[in-house]
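Below is one structure, written out as structure tokens; comments come after it.
The values are calculated or read from the model by the stated rules, or taken from the named source; none is laboratory data. What you are looking at is a predicted structure, and each value in this text was computed from that prediction instead of being measured. As a convention, Cβ positions derive from the backbone with ideal geometry for all residues, glycine included, and neighbour counts pool all protein chains shown.
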Amino acid sequence: MKNSFYAILFRQRYIRRWGLMRNTREESLEEHVAETAILAHALASIGNEILNIPANADRAVTLALFHDAAEVYTGDLPTPVKYYNPEISKNYRHIEEEAARRICTTLPDQLRPTYERIMGVGDTLPDEEENHLRRLVKAADKLSAYIKCLSEQRSGNKEFDSAAQSIRKAIDEYGSPELDWFMENLLDAFTVTLDEIGF
């Protein structure tokens with residue numbers, strides 16, 4: 001249907017993440033996207049204000065808000081399946097690109113170029129600044145997943161132990177000073193109770 005782009009995106013609330021895992025609390029794609037946007041803003045702000053690594057924090061938020069939009073069509077493919085081998089990973093990337101392209105066709109023609117740029121659809125290659133922001137969004141995406149693992153572990157769910165280890169390893173190897181600073185200075189607040197936070 002023409003002009004259904006925003007209605008399609010609002011269906012992110014029905015897409016469940018961590019499909020192969022037993023969750024103590026289900027997480028929707030919509031929740032994950034919102035958390036990733038907050039974390040992307042945090043990482044860009046850390047770069048700007050603390051590490052002297054310039055980044056457009058507003059643009060980082062925008063990219064994060066749409067980073068998983070294709071999953072409305074594809075669903076959230078479990079990581080062990082998505083990365084089972086290079087051929088599956090390559091094919092799934094192609095499917096995600098096609099899904100993003102298809103979603104963009106549901107926009108009015110005048111709006112389509114704006115969202116195609118945000119969602120990385122088309123032939124336009126991102127510049128160095130845009131690549132940096134997309135790396136920050138990917139870092140925020142990993143961080144959101146790690147925080148979910150910590151939450152599940154705090155609830156006594158050992159199902160997330162292996163995922164927490166592999167995501168932590170990916171974070172440690174990611175090579176983002178902004179992400180490293182967050183992990184060292186801000187992550188602990190996610191591992192304590194409400195009273196300990198000082199609410």
> Does PHE66 count as closer than 30 Å to ASN185 by Cβ, modelled with pLDDT of 95 or more and among the aromatic types (Phe, Trp, Tyr)?
Replying inline: yes
>> What are the pairs with Cβ atoms under 9 angstrom where one residue, in the stretch 15-36, is touching a residue at least 60 places away in the same chain (Cβ under 8 Å) and at negative phi and the other, located anywhere, is outside any helix (DSSP H, G or I) and of a type in the set (Lys, Arg)? Sequence gap at least six, or different chains.
In response: ASN23/ARG16; ASN23/ARG17; GLU27/ARG16; GLU27/ARG17; HIS32/ARG17
> Could you list, in sequence order, the residues of the stretch 162-176 that are closer than 24 Å to PHE66 by Cα and either more than 17 Å from the chain's Cα centre (by Cα) or outside any helix (DSSP H, G or I) (or both)?
Replying inline: TYR174, GLY175, SER176
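Residue-wise test of (1) crowded, with 16+ Cβ neighbours inside 10 Å; (2) in a loop (DSSP other than H, G, I, E, B).
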{"site": "ALA100", "(1), (2)": "yes, no"}
{"site": "GLY122", "(1), (2)": "no, yes"}
{"site": "GLU129", "(1), (2)": "no, no"}
{"site": "ARG135", "(1), (2)": "yes, no"}
{"site": "LYS138", "(1), (2)": "yes, no"}
{"site": "GLU178", "(1), (2)": "yes, no"}
{"site": "ASP188", "(1), (2)": "no, no"}
> Which of the residues spanning the stretch 40-56 are among the aliphatic types (A, V, I, L, M) and buried (at least 19 other Cβ atoms within 10 Å of the Cβ)?
Replying inline: ALA40, ALA42, LEU43, ALA44, ILE46, ALA55
>> Of everything in the stretch 151-161, what is part of a helix (DSSP H, G or I) and either at pLDDT below 95 or not polar (S, T, N, Q) (or both)? Give them in sequence order.
In response: GLU152, ARG154, LYS158, GLU159, PHE160, ASP161
